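The values are calculated or read from the model by the stated rules, or taken from the named source; none is laboratory data. Remember, it's a predicted structure, so these values are computed and weren't measured experimentally. Note: ideal-geometry Cβ built from the backbone for every residue, glycine included; neighbour counts use all protein chains shown.
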Amino acid sequence: MNRLIAISSLLFISGCASIHSPYDLYEWCVDVGSSRLTSIGRAAHNPATCERELEEDLNDQTPRLLYVPRDVIMTPVTAARLTWGLLALTRPPF
């Protein structure tokens, strides 16, 4: 039961990235780090990366719902970043 709650909460956190506007994703990128597979590591917290992703999101006409699989794949990274930020009170290095 506890595993089900943990998995569903992680999917909820990751699924939120697909339903937000590009500007919300930009703020998410600045605060937590990029939610893209191509931006893991130091590039995840680079302001230039966040601005580039904002421009890509604004120019992209693909429905946001189609990005849910990408967000599900990034769930462990996003959860680890949030946990690191809450426990260590610093920016995660990944």
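Scanning the stretch 22-58 for residues that are surrounded by fewer than 17 Cβ atoms within 10 Å (Cβ to Cβ), among the basic types (Lys, Arg) and touching a residue at least 24 places away in the same chain (Cβ under 8 Å) yields a single hit, ARG42. Failed condition for GLN61, given (1) surrounded by fewer than 13 Cβ atoms within 10 Å (Cβ to Cβ); (2) assigned to a helix (DSSP H, G or I), with all others met? The one condition GLN61 does not meet is (2). Close contacts from the stretch 71-86, counting a first residue that is under 16 Å from THR38 (Cβ atoms) and in contact (Cβ under 8 Å) with a residue 40 or more places away in the chain and a second that is charged (D, E, K, R) and loosely packed, with under 15 Cβ neighbours inside 10 Å, with Cβ to Cβ under 7 Å and a gap of 6+ residues or different chains, come to none at all.
With respect to CYS29, determine if the residue is in contact with a Phe, Trp or Tyr (Cβ under 9 Å, 6 or more places away or on another chain) and either hydroxyl-bearing (Ser, Thr, Tyr) or at negative phi (or both).
Against the criterion (in contact with a Phe, Trp or Tyr (Cβ under 9 Å, 6 or more places away or on another chain) and either hydroxyl-bearing (Ser, Thr, Tyr) or at negative phi (or both)), CYS29 does not qualify.
Counting the residues of the stretch 6-46 that are at pLDDT below 70 and either β-branched (Val, Ile, Thr) or not in a helix (DSSP H, G or I) (or both) gives 2.
Here VAL68 clears all of (1) within 15 Å of HIS20 (Cβ to Cβ); (2) in a loop (DSSP other than H, G, I, E, B) except the condition numbered (2).
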